[in-house]
Amino acid sequence: MASLTIPSDLLPADGRFGCGPSKVRPEQVEHLVSASRTILGTSHRQAPIRDLVGRVRTGLGELFQIPEGYEVVMGNGGSTAFWDAAAFALIERRSAHLSFGEFGSKFAKAAAAPHLESPHVVSAPGGSFAELDDINGADVFAYPHNETSTGVMAPVRRFDDSNVLTVVDATSAAGGIQFDANQADVYYFAPQKNFASDGGLWFALFSPAAIERVERIAASGRYIPEFLSLKNAIDNSRLNQTLNTPALSTLLLLENQIDWINGNGGLAWADARTRESSSVLYDWAAASDVATPFVSNPEHRSQVVVTVDFDDAIDASAIAKTLRANGVVDTDPYRKLGRNQLRVATFVAIEPDDVRKLASSIDYVIANSH
Ligand SMILES: Cc1ncc(COP(=O)(O)O)c(C=O)c1O
């Protein structure tokens, strides 16, 4: 069967709506090309790359308005590597986790390491938010700022106890959602989402208390693999370096995106833009007879990852397939969620007008598929 052709005037100018890797702006690629003979293919131990790393670290500090004493730390391996690093180098005895989707639960699993007490995990079903009842003796309190698998957004709020570090997974939130950096001890992310770059690196804002914790555990004699040593990452980051070779293209794409956001008004501007884009889809779902936002509590509906459920009479996977055949890609739900759903990234690189076009394209597909 020939698939439906969506009229070109309804189609978004850019059809990338995936939750990561996500849309890269053409200007970022131009920046990469302009560095292709001077920066790409040169040593990461020499001044040009170390200056690039320095600009990225300074730019992130400015974007997040980091408080006095906070440091921008980085390492290789993406957010998944950070979970293992935290298990070895940040959690002292025990961690507490909010688990309301795939990524929150993965950190809890990584923290179930033999040298630690078993983590305290508070779980909630997909689409809802979990609240911490009691810290239960934990010294790290961990949760995602934005749960990418479900589209649930959490407030960044510190657990008020000086022995507890608040450690926030901001992989899909960072750069697209306003928050107060004082409210986290570690705010970590990888750059393939709002930063519209590629995967493979992690970045984190560390508070003085988090740095002190890392230094204390490193000095304690605990076995820590070198690649997962956060002391190593802090020491190298202070020199604008990483332990082993970083992806230079990723750094260049990231540099351009940070400059673009800062140049447009910083995190407040990015936040307003992702709110606008996501509201288009939530309002569209509210007005639709066949679609409903998956996250029932409006306060927890993500402004960067929108999840919309469809009535049984509509096959969401067929919509995603038709969209893909028309160049509008990656609107499928998170693979393990198994819902009749579309999931759409409204990251800062994505034009709000393209989100409006996406809604029109979905309406067209529904009206014309039988
Ligand atoms: C909230 C969240 N945490 C962690 C990860 C894992 O990131 P990485 O692929 O950089 O390891 C992802 C990836 O989608 C994510 O969305």
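Structure data summary
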read-out: Cα-projected label distance for Thr245 with Thr42, points at 7 Å along beta-carbon direction, nm; value: 1.7
read-out: P(r) weight above 18 Å for the stretch 38-121, C-alpha pairs, percent; value: 60
read-out: Hz values of 3J(HN,Hα) by residue in the stretch 237-251 - Karplus curve (6.51, -1.76, 1.60), Gly and Pro given as x; value: 4, 4, 9, 6, 9, 10, 4, 10, 5, x, 7, 5, 4, 4, 5
read-out: The stretch 337-367-the stretch 58-96 distance, computed between alpha-carbon centres (Å); value: 32
read-out: Net charge of Cβ neighbours under 12 Å - reference Asp363; Lys, Arg +1; Asp, Glu -1; value: +1
read-out: Over 28 Å (Cα to Cα) - which of Lys106/Lys357; Lys23/Lys109; Lys321/Lys357; Lys106/Lys231; Lys193/Lys357 fall in this group; value: Lys106/Lys357; Lys23/Lys109
read-out: Value of D in µm² per second that Stokes-Einstein yields for the chain, Kirkwood Rh from Cα pairs, at 10 °C (1.306 mPa s); value: 75
read-out: Gain in span if fully extended, Thr58 to Arg324, counting 0.36 nm per residue against the direct Cα distance; value: 91.9 nm
read-out: Residue-wise HN-Hα coupling along the stretch 185-200, computed from phi with Karplus coefficients 6.51, -1.76, 1.60 (Hz; x: Gly, Pro); value: 8, 9, 10, 10, 6, 10, x, 8, 10, 4, 7, 6, 9, 9, x, x
read-out: Residue exposure sequence - Val355, Val24, Val344, Val29 - by fewest surrounding Cβ within 10 Å; value: Val29, Val24, Val355, Val344
read-out: Trp202 long-range amide H proximity, modeled H, under 5 Å; value: Gly75, Asn76, Gly77, Gly78
read-out: Net charge over other residues, Cβ less than 10 angstrom from the Cβ of Ser3 (K, R count +1; D, E count -1); value: +2
read-out: Set of the stretch 280-316 residues, backbone N closer than 13 Å to the point 7 Å along the Cα-Cβ line of Ser128; value: 295-297
read-out: In order through the stretch 346-361: 3J(HN,Hα) via Karplus (6.51 cos²θ - 1.76 cosθ + 1.60), integer Hz, x for Gly, Pro; value: 10, 4, 5, 5, 7, 6, x, 5, 5, 5, 4, 5, 4, 4, 5, 5
read-out: Value at 222 nm in deg cm²/dmol, rounded to 500, when DSSP H runs of n ≥ 4 in the chain each add -39,500 (n - 2.57); value: -11500 deg cm²/dmol
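Only the coordinates and a few stated rules stand behind these numbers; no lab work does. Bear in mind that the values here come from a model prediction, so they are computed numbers and not experimental data. When we count neighbours, we look across all protein chains shown, and the Cβ atoms used for this are built from the backbone with ideal geometry, even at glycine.
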